[in-house]
Amino acid sequence: MLLPAPSWLDSGNNAWQLAAATFVALQSIPGLVVLYGGIVKKKWAINSAFMAIYAFVAVMVVWCLFDFNMAFGPHWLGIKGNWFVGKPFPVLPASFEIGQANIPDAAAGMPALTFPNATMVYFQFVFAAITVIILEGSIIGRMSFKAWVLFCPLWMTFSYTIGAFSLWGGGWLAQLGVVDFSGGYVIHLAAAVSGFTAAAIIGPRIPRDRHSFEPNSLLVTLTGAGILWLGWNGFNGGDPYFANADAAAAVLNTNIATAFAVLTWVALDSIAYKKPSVIGAVNGMIAGLVGITPAAGYVNGYGAIIVGLVAGSLPWLSMNKFAKTALMKKVDDCLGVFHTHGVAAVCGGLLTGLLADPKMIEYVGTGSDAPGISVTGGLHQVTLQIYGALFIIVVNLIVTFVLLKVISLVTPLRLSPAVLEIGDDAAHGEEAYAIFGEGSRVPEPPIEPAE
């Protein structure tokens, strides 16, 4: 039986929101799956890709059962009206029975959303899923898959939901006035801090891998990077929750900032190392995308240029200079998530406070001129942004540390030394490039006895 759409549903807004969510999902599956599979040493290609696929699946399960409402539901735990997390309960019935999607108290004056709650649940799920996949980049090449199986749903429940609710679900940071347009703090800073903490606890890769970890396929890496970049149009373009002018501005700002960040990173590589680097360009791309994420709908095009220049330079300095200090060398952050996501996110978050243009309006409904949220840049907003960054850092450091210590009581966090030497074949019984003949591996040649 066909039923007409209810009067509150705007098909254009709903279509854009579902499309944007799909773009973000593609950033994980296959975007980061392919990027990780190509950028690591050949013996870790399957393990790295499989960890990303599992994370996507595990987050979907807990997101629908209780995590969505912990991030966006009725407030549950707090201190004197400062709420940190929502009440956990399944979202599956509400996704289809509730008329309009709602973010409780997320934004005073925000017009009612014009798509079903099922759309909101899926849209926010893909953001949650990519966060733990980004985190994976810090601990590739040594974390036990069994430990990862436990870590993903636990971290999503006890860490991610706190940051999401505090900033996006009407929690205390949102009430204070801290802003994060599309996840610079909630996603990228959280992933970077947790990944760095996990890398410190789990320990480094074996010396041979840490010394020599060349990508097994730069072209595969670039394919994943391209999907990641284009998928970011949904990442930032979907967060006004309306197919409006701010969505268009967010998409344009995303690409402006990223272009300037790539050029800046490549230029610095060329000056420092006398030649441009493809991996450097990918790192600059990621840093630019991350840097503009908290600011995309709050700054104008000139602000986006500044964000791109800063995101292409400060994370470069962090990765190429600060990372070589004795303190940083103690922690094996495999793909440099601390720099391209953590440092870039803080840069973008602080620049949001400094460069926000009050003429940039977020959350304006289709057909309405009534403004919703607008942010005026200044030192007060910068101070608020610092509070937000510090809260995300502290929460993720503590929760990640505790979770890993608890998991270590159940199963080892590291793969065994023998598996670490062999890689995918020992961990999963599979190889990334076993494509000889009809797919069978080339047998090892017999070892001739020594004369």
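Ala296 satisfies every condition listed in (1) under 21 Å from the mean Cα position of the chain (by Cα); (2) more than 18 Å from Ala200 (Cα to Cα); (3) assigned to a helix (DSSP H, G or I) except (3). Taking first residues from the stretch 402-413 that are over 12 Å from Ala198 (Cβ atoms) and partners that are β-branched (Val, Ile, Thr) and in a helix (DSSP H, G or I), the Cβ contacts under 9 Å between residues at least 6 apart in sequence or on separate chains come to Thr411/Val149. One residue stands out in the stretch 413-435 among those that are among the charged types (D, E, K, R) and in a helix (DSSP H, G or I): the one that is nearest to Met156 (Cα to Cα), namely Asp424.
The condition (being of a type in the set (Lys, Arg) and in contact with a Lys or Arg (Cβ under 6 Å, 6 or more places away or on another chain)) is satisfied by just one residue among Arg205, Arg210: Arg205. In this structure, Gly372 does not qualify as in contact with a Gly (Cβ under 7 Å, 6 or more places away or on another chain), modelled with pLDDT of 95 or more, over 24 Å from Met51 (Cα atoms) and among the small types (Gly, Ala, Ser). Any residue in the stretch 400-412 that is modelled with pLDDT under 60 and either in a helix (DSSP H, G or I) or of a type outside the set (Val, Ile, Thr) (or both)? For the stretch 400-412, residues modelled with pLDDT under 60 and either in a helix (DSSP H, G or I) or of a type outside the set (Val, Ile, Thr) (or both): absent. The helices (runs of 4 or more DSSP H) found entirely in the stretch 1-119 that carry 1 or more residues being closer than 21 Å to Met156 by Cβ, modelled with pLDDT under 95 and of a type in the set (Ser, Thr, Tyr) are 92-97.
Among the residues of the stretch 269-294, the ones that are over 18 Å from Phe338 (Cβ atoms) and either free of Cβ contacts under 8 Å to residues at least 24 places away in the same chain or surrounded by fewer than 22 Cβ atoms within 10 Å (Cβ to Cβ) (or both) come to 11 in all.
Per this entry, Gly78 is counted among residues that are in contact (Cβ under 8 Å) with a residue 12 or more places away in the chain and surrounded by fewer than 18 Cβ atoms within 10 Å (Cβ to Cβ).
May I ask you to say which residue of Ala287, Ala261 is more than 21 Å from Trp16 (Cβ to Cβ), in contact with a Pro (Cβ under 8 Å, 6 or more places away or on another chain) and assigned to a helix (DSSP H, G or I)?
Checking each option against the conditions leaves just Ala287.
Can you find a residue in the stretch 162-176 that is of a type outside the set (Phe, Trp, Tyr), touching a Ser or Thr at 6+ places or on another chain (Cβ under 6 Å) and on the phi < 0 side of the Ramachandran plot? Taking every residue of the stretch 162-176 in turn, at least one turns out to be of a type outside the set (Phe, Trp, Tyr), touching a Ser or Thr at 6+ places or on another chain (Cβ under 6 Å) and on the phi < 0 side of the Ramachandran plot.
When the residues of the stretch 212-248 are narrowed to those that are among the hydroxyl-bearing types (Ser, Thr, Tyr) and either at positive phi or in a loop (DSSP other than H, G, I, E, B) (or both), which ends up modelled with the highest pLDDT?
Taking the stretch 212-248 first, the residues among the hydroxyl-bearing types (Ser, Thr, Tyr) are 212, 217, 221, 223, 241.
Filter once more, so that each one left must be either at positive phi or in a loop (DSSP other than H, G, I, E, B) (or both): 212, 217, 241.
Details: Ser212: 91, Ser217: 95, Tyr241: 90.
The selected residue is Ser217.
Taken over the stretch 26-55, the criterion of being in contact with a helix residue (DSSP H, G or I) (Cβ under 8 Å, 6 or more places away or on another chain), touching a residue at least 60 places away in the same chain (Cβ under 8 Å), over 13 Å from Ala225 (Cα atoms) and surrounded by fewer than 22 Cβ atoms within 10 Å (Cβ to Cβ) is satisfied by Lys41, Lys43, Phe50, Tyr54.
For every residue, the table says whether it meets (1) surrounded by fewer than 24 Cβ atoms within 10 Å (Cβ to Cβ); (2) acidic (Asp, Glu); (3) under 18 Å from Trp63 (Cα atoms).
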{"position": "Leu167", "(1), (2), (3)": "no, no, yes"}
{"position": "His188", "(1), (2), (3)": "no, no, no"}
{"position": "Gly195", "(1), (2), (3)": "no, no, no"}
{"position": "Ala199", "(1), (2), (3)": "no, no, no"}
{"position": "Phe213", "(1), (2), (3)": "yes, no, no"}
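In the stretch 314-327 there is at least one residue that is over 22 Å from Phe123 (Cβ atoms) and not in a helix (DSSP H, G or I). The listed residues are Thr221, Thr254, and the only one of them that is touching a Gly at 6+ places or on another chain (Cβ under 8 Å) and surrounded by fewer than 22 Cβ atoms within 10 Å (Cβ to Cβ) turns out to be Thr221. Would you pick out the residues in the stretch 185-211 that are in a loop (DSSP other than H, G, I, E, B) and on the phi < 0 side of the Ramachandran plot? Hits for the stretch 185-211 are Pro204, Arg205, Ile206. Scanning the stretch 174-184 finds no residues that are out of contact with any helix residue (DSSP H, G or I) (no Cβ under 8 Å at 6 or more places or on another chain), among the small types (Gly, Ala, Ser), part of a helix (DSSP H, G or I) and at pLDDT 95 or above.
The values are calculated or read from the model by the stated rules, or taken from the named source; none is laboratory data. All values derive from a computational prediction rather than experimental measurement. No Cβ is skipped: glycine too gets one built from the backbone with ideal geometry, and neighbour counts run over all protein chains shown.
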